[in-house]
Amino acid sequence: MGQDPLVFRIGDDPPQRLDKALSRDVPEAAALSRTRLARLLEEGAVRVDGAVVREAKARVVGGELIEIVLPEACESHMAPEAIVLAVVHEDDDLIVINKPAGMVVHPAPGSPEGTLVNALLHHCGNSLSGVGGAKRPGIVHRIDKDTSGLLVVAKSDAAHQGLAAQFEAHSVERVYAAVVHGVPDASDPRLRGVRGVSFEPGNILRIASHLARHRTDRQRQAVQFEGGRHAVTRVRVTETFGAPPAAALVECWLETGRTHQIRVHLAHVGHGLIGDPVYGGRRRLSDKALPEGGAEAARGFARQALHAAVLGFVHPVSGQALRFEAPLPADMAALIAALRG
């Protein structure tokens, strides 16, 4: 059985199309996205003055009574799995996870199980109130399989919409720790000649370009300056390793959050991530420049040295400002210790 109908009236001077009028006037507390409203229209769940209307383009006038029958959230087609999670924060609307390297976020043809979503379905159980009409966690951003660190996931429609809006507005604070080849520095004349590169006060490297799928390798992203999606990454060196410096620990701030953004941008400027099998290139650290064992540790590092260390956002329901930090995982901490000697 469904819930009690959601009842409201169309306000004055509405858009001519029913779907747009619904999107404007539906009570905010209902947390119904445009996509969800369109689906409810198609399913015959919307009545206008008592009559079922399925046509999104139907004309509408102010004052008409709207009733929307909201079905109970259905069970997800994805299977829950009892996988241990590092929960940093959890409430009725969202959960923040410190994801380990090696875990895929969402099931896909190549990874149908063992994902973060499978784990969350088991962990959250009945506390999932429904996202888009299904009892499933709402994924609003992702980090790569072999990147570790913080991820926020919605447990309700209201949280899903509120978080998605913050990510779209680029207002979410995201800081990553990375270990890279070489040292990105404003004094390097080579960097001054790389398209899309500029420096801001404090020796902060700003990389701005568009990103799109690689023309020949569809699993990769590539820097472009026409077409694709706008992407901006800022990088600051926090520690250097070697004499002369051969590698660096950097902080990366994401203004946008595109697929593989940090990895692609750092490779574009010649400072690819240590351990990155896709974008790291063939660059190798010199044994002579680093303490004993440092270069060997870098060569043996089995993933891209990238960790989502800081995540800050406004709680989409309570309005509280939240900020979380995750310490470096053991493998990156060991790599840095070896590079320090």
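The values are calculated or read from the model by the stated rules, or taken from the named source; none is laboratory data. As the structure is a prediction and not an experimental result, all values here were calculated from the model. We place every Cβ from the backbone using ideal geometry, glycine too, and count neighbours over all the protein chains shown. For accessibility, only protein heavy atoms count, side chains too; no ligands or nucleic acids. Shrake-Rupley method; radii C 1.70, N 1.55, O 1.52, S 1.80 Å.
A few remarks follow.
- Legend: residues ARG283, ARG142, ARG234, sorted from most to least accessible area (1.4 Å probe; ligands, DNA and RNA excluded), read ARG142, ARG283, ARG234.
- Region 205-312: Rg to Rh, with Rh as the Kirkwood radius over Cα pairs: 0.99
- Most mobile listed residue (LEU22, LEU249, LEU306) in the chain, GNM with C-alpha springs under 10 Å: LEU22
- Region 191-253 - Rg and Dmax from Cα coordinates, angstrom: 14.2, 41
- Total charge dipole magnitude, region 104-260, about the Cα centre, Cβ charges on Lys, Arg, Asp, Glu only, Debye to nearest 20: 420
- Lys/Arg +1, Asp/Glu -1 at C-beta; the chain dipole; positive extreme among ILE139, VAL197, LEU40: VAL197
- Compactness ratio for region 151-282: Cα radius of gyration over 2.2 N^0.38 Å (N = residue count) comes to 1.12.
- Put simply, region 75-218 fits an ellipsoid with semi-axes of 35, 17, 15 Å; these come from the alpha carbon gyration tensor as the roots of five times its eigenvalues, largest first.
- Within straight-line cross-link reach of LYS99, lysines at Cα separation under 24 Å, skipping those fewer than 8 residues along the same chain: LYS135, LYS145, LYS155
- Between VAL250, VAL84, VAL278, the GNM of the chain built on Cα springs shorter than 10 angstrom shows VAL84 fluctuating the most.
- Helical content alone sets the calculated 222 nm signal of the chain at -5500 deg cm²/dmol, taking -39,500 (n - 2.57) per DSSP H segment of four or more residues and averaging over every residue.
- Reach of LYS20 by Cα under 16 Å, taken over lysines that are not fewer than 8 positions away in the same chain: LYS57
- Nearest-20 debye value, the chain charge dipole, Cβ charges on Lys, Arg, Asp, Glu: 1520
- Selected from ILE97, ALA212, ALA309, residue furthest toward positive end of dipole (the chain; charges at beta carbon): ALA212
- Candidates ALA267, ALA298, ALA330: whichever shows maximal mean-square fluctuation once the chain is modelled as a Gaussian network with Cα springs under 10 Å: ALA330
- With the biggest extent put first, the Cα atoms of region 255-300 measure 38, 19, 18 Å across the principal axes.
- Structural descriptor for the chain: relative contact order 14 percent, calculated from alpha carbon pairs under 8 angstrom and at least 6 residues apart.
- Burial order of peptide ranges 56-64, 252-260, 187-195 (average beta-carbon count within 10 Å, highest first): 252-260, 56-64, 187-195
- Span from the region 163-235 Cα centroid across to the region 242-270 one, whole angstrom: 8
- With the biggest extent put first, the Cα atoms of the chain measure 80, 44, 40 Å across the principal axes.
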